Amino acid sequence: MLSRADFIFTIGYDGPAAVVDSHAKRKFGKLSTRELAEAGLFRAAYSSAVHSKDKQEIKFVVEAFRKLNPGPDGNAEIDLSEAGISALNRLFGVFPVEVTRSIVI
C-alpha cells in the first residue's frame with residue numbers, strides 16, 4: 001500500500017507502480033484533508049479523504065468544492081452510498097488501486 005502522501009499526489013501509473021509528483025508532495029504532503037481543501041487542492045483533498053476512508057472527510061471536501069462550483073443541483077444531498085462514491089471518484093479522477101511501489105518524479 002502506498003503512503004498517504006504518495007497516494008494523494010499520484011499523477012498516473014507505470015505498470016504496477018504509481019507515478020508521484022515530487023514537487024507537490026514536498027510542498028503540500030503534510031497538510032490535512034481540511035487544509036488541502038481550504039487551499040483549493042480539491043483532488044488532493046479528495047484523495048486524502050479516500051485514503052483515510054472517513055466519510056465525514058469526503059463530505060467536507062465535496063461541500064467545500066460545491067461552495068465554489070454549485071452546479072445545477074447545488075442544494076442536493078451529498079450521496080455517500082457506493083454509487084455516490086463511485087461518481088465522486090470519477091469526478092475527481094481518484095481510484096484506489098493496490099500498488100506497492102512508487103516512482104517519484
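Evaluating residue 34 against the criteria (1) touching a Ser or Thr at 6+ places or on another chain (Cβ under 7 Å); (2) at pLDDT 95 or above leaves one unmet condition, (1).
If you go through the range 10-21 and keep only what is part of a loop (DSSP other than H, G, I, E, B) and either surrounded by fewer than 15 Cβ atoms within 10 Å (Cβ to Cβ) or touching a Gly at 6+ places or on another chain (Cβ under 7 Å) (or both), you end up with 15, 16. Going by the structure shown, is residue 49 touching an Asp or Glu at 6+ places or on another chain (Cβ under 7 Å) and either at pLDDT 90 or above or small (Gly, Ala, Ser) (or both)? Judged against the criteria, residue 49 is a match.
Count of the range 22-44 residues, restricted to those that are on the phi < 0 side of the Ramachandran plot, over 11 Å from the mean Cα position of the chain (by Cα) and not in a helix (DSSP H, G or I), is 5. Restricting attention to the range 41-67, the residues that are touching a residue at least 24 places away in the same chain (Cβ under 8 Å) and more than 16 Å from residue 2 (Cβ to Cβ) total 9. Scanning the range 22-48 for residues that are surrounded by fewer than 19 Cβ atoms within 10 Å (Cβ to Cβ), under 24 Å from residue 100 (Cα atoms) and of a type in the set (D, E, K, R) gives 26, 27, 30, 43. The condition of being out of contact with any Asp or Glu (no Cβ under 6 Å at 6 or more places or on another chain) and modelled with pLDDT under 90 does not hold for residue 84. Looking only at residues in the range 49-105 that are among the β-branched types (Val, Ile, Thr) and part of a helix (DSSP H, G or I), the one that is surrounded by the fewest Cβ atoms within 10 Å (Cβ to Cβ) is 85.
The values are calculated or read from the model by the stated rules, or taken from the named source; none is laboratory data. Since this is a predicted model, take the numbers as computed values, not measurements. Cβ atoms come from the backbone with ideal geometry, glycine included; neighbour counts cover every protein chain shown.
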